[in-house]
Amino acid sequence: MVIEIEKPSSVRLSKVAISKTHGEDSPYFAGWKAYDENPYDEVHNQSGVIQMGLAENQVSFDLLEKYLEEHHEASSWGKGAPGFRENALFQDYHGLKSFRQAMANFMEQIRGGKVKFDPDRIVLTAGATAANELLTFILADPGDALLVPTPYYPGFDRDLRWRTGVKIVPIHCNSSNNFQITPQALEAAYQSAESMDLKVRGILITNPSNPLGSAIQSSILNDILDFAVHKNIHLVSDEIYSGSTFSPSEFVSIAEILRNRNYKDAERVHIVYSLSKDLGLPGFRVGTIYSYNDDVVTTARRMSSFTLISSQTQHLLACMLSNHEFTQNYIKTNRERLNKRYDMIIQGLKKAGIECLKGNAGLFCWMNLSPLLNEPTRQGELELWNIILNQVKLNISPGSSCHCSEPGWFRVCFANMSEQTLRVALQRIHKFMEQRKVCSVNR
Amino acid sequence: MGLLSRRATCNTHGQDSSYFLGWQEYKKNPYNEVNNPNGIIQMGLAENQLCLDLLEPWLMKNPDALGLKRDGISIFKELALFQDYNGFPAFKRALVDFMGEIRGNKVSFDPNHVVLTAGATSANETLMFCLADQGDAFLLPTPYYPGFDRDLRWRTGVEIVPIHCTSSNGFKVTLPAIEQAYRQAQKRKLRVKGVLITNPSNPLGTTMARDELYLLINFIEDKQIHLISDEIYAGTVFTSPSFVSVMEVLKGRNLDQTQVWERVHIVYSLSKDLGLPGFRVGAIYSNDPVVVSAAIKMSSFGLVSSQTQYLLSAMLFDKKFTKEYMSENHKRLQKQQKDLVSGLEKAGIRCLDSNAGLFCWVDMRHLLKSNTFEAEMELWQKIVYHVKINISPGSSCHCIEPGWFRVCFANMLESTLKLAIQRLKSFVSSIAMKSQSHQELKSLRRKARNNWVSRLSLQSFYDREQDTTTEVSFSYRPHFMSLSNIAATLDAAA
C-alpha cells in the first residue's frame, strides 16, 4: 500500500506502533525492493533480479494439486456441501479434532515414527509467526530475555520482541566449529544477559536451522536441554523445517531427546511447527505449538483466539494429512527433490569456487563469501551484497541480517524457483566469480 | 519448573468466571429436537445460523471458488504462496464494496485503508496495540461484549473504564456518563487514549442514534483521543432506524480531511453478518496511514487464510447474491426477533426495543428476589439449571443494573425458539404460583443448590476439558461473585 506523507498525529499512537522493532526499515529491504522493481521472469524478463532471499518450497506443488484434483471433498465439504454449515460455524479454539489428529500423525511420520504426539497437546495458530510470538507472551514478561543462537531468522526480531517487549540475547556461533552451539557459548550468553540485568526465561532454537540449513546434532541438543534444566528455563524448538531434511536419519527432534530421557524435564519444552515450509503452504496460515506443559497448552489455547486457523483450511488439511498414502509419498518425494536441488546448487557453487557450510536440510544453503570481502567487516559484507544485488542481480540474504557475528556469509534459497531459473542463477554467479578472478589477476 | 509470564498466570483471559457454568451445563446436556428434547437450549451464543442455507447453493453454483480455480484453471499454487499482509487485492476490493453496501452506500471505503485480521477478536486487540501503551485506558459504554475484557486488555495491558448506561434512557450514552468515566480514569491515574463503541450494540441489539454519535465525536475531538467503532453487527440491522456509521456522521459534518477523521477507526468482520465465524475474517479500517501501516505489519500475527480470502472475494464480488442475501437475512432476523419478543411479552417479560443484532436485551428485574447481583445470579442459575436455557446475565456484560439478560435468537430453528419461550412462560407462571407457596420455593432452591453445588467442584472448574469458544469467554470483575460464593449464597437462600 502507499503510505501517504505523514502528518504528525495529534494524539500519540502507542510506543509499539511507532517503534521500529517490526524491522522493516532495515537496509536489507533494499533487496526486496530491487526484486519487486525488476523481478526475473524466465520468458518476459530474463535480465531481472532472481529472488534467492525467500525461503519458500515450490518443488512439490504438483503432488498437492494432484491430491486436490482427486479429492474434491477436501475443498468442498462433499457433494451438496453437507459439512459446510458446521465448518463455517466452527470457531472453537481447540481446533478441529480431525485436523489435530492429522497434524500429530504427520509430525510423527516426519520423525520416522520415533516419537508419538498427543493431539490434545497441539495448539493451532495462524502460522509459526503467531506461534513464536504467542509462546513468548506466555513464557516471558516484558523486559525479560530469550537466548537465541546466531545466525538466526531475521523475523525473530519482530516475532519475539515487538509487541511482547521481550529481548533477544544472542548465543554466538561461528565457523570454527561449523556454527554449532557450544555449552560455553550458552553460558556466555546467559552471563551477558545477567550483566545487562535481564532475566533469562528461555532458549529458542531452530532445528533444522535457518539460515544454516543443517540439523542440530543430538549431543548438542542434549547439551542445550541440560543447560535449560540447570538454569531452570524453557526450551522452544522451532522445527518448521523438520520435513525438509534431505534424509530422514539426519534430523533428531527435541521430542526424541525427551523420549530418551523418559520425558523427564519435558514440561519446560515446547515445539513450534508449521506447514508453510514442508508443504509449501505459507498462504494458508497453519502453525502449531506442541507443549509438554499443561499450563502452557491451556494458556496457549486461550490465546490462540487471536490467531485461529480458518476452519475451511483446517478441513482441507485434515483430509489431506489423514491420507496416509499421500503423506508417506509426499514426505519421501519432497525430501528427494530438495536433496536434488541442494546437490545442484552446491555443485554449481563449487564449480564457481564458492564453499558452503555442509547442509542437510532446509530450503537454502549457507554460503561463504568471506574471501571476497574488501574488508572483514559488516560494511565490507554490505558492499559485496550490494554488488551481488545490483550487478549480478541476485537477491540473497547477507549474514548480518541474521545477526551472524562473522562477516561474509550469505543465505541462498534454492527451492522457490524452477530448476531452469536456478541454473541461470548459478551461471550468473559463475560469471561473476570468473570476472573477479580476472580482475584480481590484473591487479 | 520455571514460572510462566504474568500474562499467562493472571486471569484476564476471563475464563475462570462463573459465567462458564452455563456453557458447561449446556455442553453436558445440549438440547436436541430428536435425541435430547429435555436438554439445555443454547441462547448464550451470538451466532447467525439463519441464512447458511442460502450460502450452500451459491457454493454449489460456484465450484471454482471452492476448488481454488479461476476460469477453470487451478490457481492453487498462487494462493498457497500468497502470504502478503497487504491482503488479496480482489478480496479487499470486494470487502469494501460490501461494507459500503451495508451502509446504504452513504459512505465508500478505500481498500488501501483496510487491514485484514483473523477475526474481529484480532482486529480489536491489534488496534489496542497500535493506539495505547500498557497502562493506558479506553472508555467503553456498558453493557458491553464480555470478550472485550480479554481482547482489549489481556496481552496489551490496556485498561477498560466503563461509561455507565442505564435503562432510564434506554441505555443510551450521555455526556455526563462519558465525563464521569473520564474523571474516573483520571482518578485511577490512567491516561485515556480513546473510546470504543459497538454499533450496533452487543448486547443491547440497538443502533446508535445520530445524536449519540455527535456526542462521541465532539468528546473525542475535545479530548484529542481516538474512537473505535466496532461495527461487526452492521449487517444485522433488520428494521428502522437504519444503520448510521460513525464514518457517515463524520462525512456529513465535513470532518473528513480533519484531524479527528484520522482518529476514528472501524472494526468489521464477516462472522455475524455472513454467519462465518469459523473462517476468521476480520478487518480494521482506518484513515490514519500510520495506524494502517503499523496494523498491517501486526497482522502478520493473524493473517486470513488465502484459501478463505479467495472464496470470499468471489462470493462478495457477486453483488446480486449479496444483495439478495442481506435482504433475506434481515427478513429472517426480524421474524425471529419478533417471535422472541412477543413470546416473552406473553410471559410478562419485556425486552429493550431493538432493531439489530442476534439477541435481545431482556428485562427480568421483576423476577429478582431483590435488586442485587446476587439475586441476578440466583435467577440465572435457575434459568440455566431448572428452566434449561443458557442465557447471559447482564453482570457478565458489566451492566450496573441487576436483572437484565442477553438472549440470543439467531442460532436456532423457529421450533426451538418456540420451545424456549414455552419453557420460560412455564417458569414465570410457576414463580407466580410459588410466591404463594414459600415452602415449595425453599425446597426447590435446596434441590437446585444440591445439584448445582455437586457439579461445582473446584476440580471441574479449573480443570475443564471443554473450554468455551471465543464468543463467550470474558472476565468477571473482582467484586462480583466468585464460584465459591455462589455455593454459599445458595446455602444462605435455602
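The values are calculated or read from the model by the stated rules, or taken from the named source; none is laboratory data. Remember, it's a predicted structure, so these values are computed and weren't measured experimentally. Positions of Cβ are backbone-derived with ideal geometry, glycine not excepted, and every protein chain shown enters the neighbour counts.
Do we find that residue A:254 is crowded, with 22+ Cβ neighbours inside 10 Å, more than 20 Å from residue A:23 (Cβ to Cβ), free of Cβ contacts under 8 Å to residues at least 60 places away in the same chain and within 14 Å of chain B (Cβ to nearest Cβ) in this structure? Answer is no for this residue.
Of all residues in region A:227-251, those satisfying the criterion of being on the phi < 0 side of the Ramachandran plot and either of a type in the set (A, V, I, L, M) or within 14 Å of another protein chain (Cβ to nearest Cβ) (or both) are A:227, A:228, A:229, A:230, A:231, A:233, A:234, A:235, A:236, A:240.
The set of residues in region B:170-208 being closer than 22 Å to residue B:245 by Cβ, out of contact with any strand residue (DSSP E or B) (no Cβ under 8 Å at 6 or more places or on another chain) and not in a loop (DSSP other than H, G, I, E, B) consists of B:175 alone.
Criterion applied to A:341, A:302 was being surrounded by fewer than 24 Cβ atoms within 10 Å (Cβ to Cβ), touching an Asp or Glu at 6+ places or on another chain (Cβ under 8 Å) and within 14 Å of chain B (Cβ to nearest Cβ), and the one residue passing it is A:302. Of all residues in region B:106-139, those that are more than 13 Å from chain A (Cβ to nearest Cβ) and either polar (S, T, N, Q) or surrounded by fewer than 24 Cβ atoms within 10 Å (Cβ to Cβ) (or both) total 4.
Going through A:237, A:219 one at a time, which residue ends up being part of a helix (DSSP H, G or I) and in the same structural domain as residue A:125 (by the TED database)?
Values: A:237 fails: part of a helix (DSSP H, G or I).
Sole residue among the options that is part of a helix (DSSP H, G or I) and in the same structural domain as residue A:125 (by the TED database): A:219.
Within this structure, residue B:173 fails the test of being within 14 Å of chain A (Cβ to nearest Cβ), within 24 Å of the chain's Cα centre (by Cα) and surrounded by 20 or more Cβ atoms within 10 Å (Cβ to Cβ). When the residues of region A:67-123 are filtered to those that are within 22 Å of the chain's Cα centre (by Cα) and among the small types (Gly, Ala, Ser), the one that is nearest to residue A:315 (Cα to Cα) is A:102. Criterion applied to A:224, A:181, A:203, A:216 was being out of contact with any Gly (no Cβ under 9 Å at 6 or more places or on another chain), within 14 Å of chain B (Cβ to nearest Cβ), under 26 Å from residue A:278 (Cα atoms) and buried (at least 22 other Cβ atoms within 10 Å of the Cβ), and the one residue passing it is A:203. Filtering region B:46-100 to residues that are among the hydrophobic types (A, V, I, L, M, F, W, C), more than 19 Å from residue A:315 (Cα to Cα) and either crowded, with 21+ Cβ neighbours inside 10 Å or without any contact (Cβ under 8 Å) to a residue 60 or more places away in the chain (or both) leaves B:46, B:50, B:73, B:88, B:91, B:94, B:95, B:96, B:98, B:99. Within region B:319-334, residues that are among the aliphatic types (A, V, I, L, M) reach partners that are outside any helix (DSSP H, G or I) with beta carbons closer than 8 Å, at six or more positions or on different chains, in the pairs B:326/B:273; B:333/B:48; B:333/B:50; B:333/B:238; B:333/B:358; B:333/B:410. Restricting the search to helices (runs of 4 or more DSSP H) fully inside region A:23-76 and requiring at least 2 residues that are within 11 Å of chain B (Cβ to nearest Cβ) gives A:61-70, A:72-76. Listed by position, the strands (runs of 3 or more DSSP E) enclosed by region A:110-177 that each have at least 2 residues that are away from every other protein chain (no Cβ under 13 Å) are A:145-149, A:167-171.
One line per residue, one yes/no per condition, for (1) of a type in the set (Gly, Ala, Ser); (2) within 14 Å of another protein chain (Cβ to nearest Cβ); (3) touching a residue at least 40 places away in the same chain (Cβ under 8 Å); (4) touching a strand residue (DSSP E or B) at 6+ places or on another chain (Cβ under 7 Å):
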{"site": "B:339", "(1), (2), (3), (4)": "no, no, yes, no"}
{"site": "B:350", "(1), (2), (3), (4)": "no, no, no, yes"}
{"site": "B:364", "(1), (2), (3), (4)": "no, no, yes, yes"}
{"site": "B:373", "(1), (2), (3), (4)": "no, no, yes, no"}
{"site": "B:379", "(1), (2), (3), (4)": "no, no, no, no"}
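None of B:313, B:395 is touching a helix residue (DSSP H, G or I) at 6+ places or on another chain (Cβ under 6 Å), surrounded by 18 or more Cβ atoms within 10 Å (Cβ to Cβ) and outside the structural domain of residue B:26 (by the TED database) except B:313. For region B:134-162, the set of residues classified as touching a residue at least 60 places away in the same chain (Cβ under 8 Å) and over 20 Å from residue B:396 (Cα atoms) consists of B:155 only. The numbered conditions (1) facing chain A (nearest Cβ under 10 Å); (2) part of a loop (DSSP other than H, G, I, E, B); (3) over 24 Å from the mean Cα position of the chain (by Cα) are all true for residue B:255 except (1).
Residue A:45 meets each of the listed conditions (1) polar (S, T, N, Q); (2) buried (at least 20 other Cβ atoms within 10 Å of the Cβ); (3) over 27 Å from residue B:61 (Cα atoms); (4) free of Cβ contacts under 8 Å to residues at least 60 places away in the same chain apart from (2).
When region A:227-251 is limited to residues that are of a type in the set (A, V, I, L, M) and more than 14 Å from residue A:208 (Cβ to Cβ), the one that is surrounded by the fewest Cβ atoms within 10 Å (Cβ to Cβ) turns out to be A:229.
The set of residues in region B:276-291 being surrounded by 24 or more Cβ atoms within 10 Å (Cβ to Cβ) and within 10 Å of chain A (Cβ to nearest Cβ) consists of B:276, B:277, B:278, B:279, B:280, B:281, B:288, B:291. Could you go through region A:297-304 and let me know if any residue there is in a helix (DSSP H, G or I), assigned by the TED database to the domain that holds residue A:55 and free of Cβ contacts under 8 Å to residues at least 24 places away in the same chain. No, every residue in region A:297-304 fails to be in a helix (DSSP H, G or I), assigned by the TED database to the domain that holds residue A:55 and free of Cβ contacts under 8 Å to residues at least 24 places away in the same chain.
Looking across region B:197-225, just one residue is in contact (Cβ under 8 Å) with a residue 60 or more places away in the chain and out of contact with any Ser or Thr (no Cβ under 8 Å at 6 or more places or on another chain), and that is B:202.
Filtering B:340, B:344, B:333, B:270 for residues that are surrounded by 20 or more Cβ atoms within 10 Å (Cβ to Cβ), modelled with pLDDT of 95 or more, in the same structural domain as residue B:132 (by the TED database) and aliphatic (A, V, I, L, M) leaves a single hit, B:270.
Quick one: which helices (runs of 4 or more DSSP H) lie wholly within region B:1-88 and hold at least 3 residues that are within 20 Å of residue B:277 (Cβ to Cβ) and at the interface with chain A (Cβ under 7 Å from one of its Cβ atoms)?
Numbers: elements: B:6-9, B:20-28, B:52-61, B:63-66, B:76-81.
Correct list: B:52-61.
For region B:221-245, the set of residues classified as surrounded by fewer than 22 Cβ atoms within 10 Å (Cβ to Cβ) and assigned to a helix (DSSP H, G or I) consists of B:221, B:222, B:223, listed by residue number.
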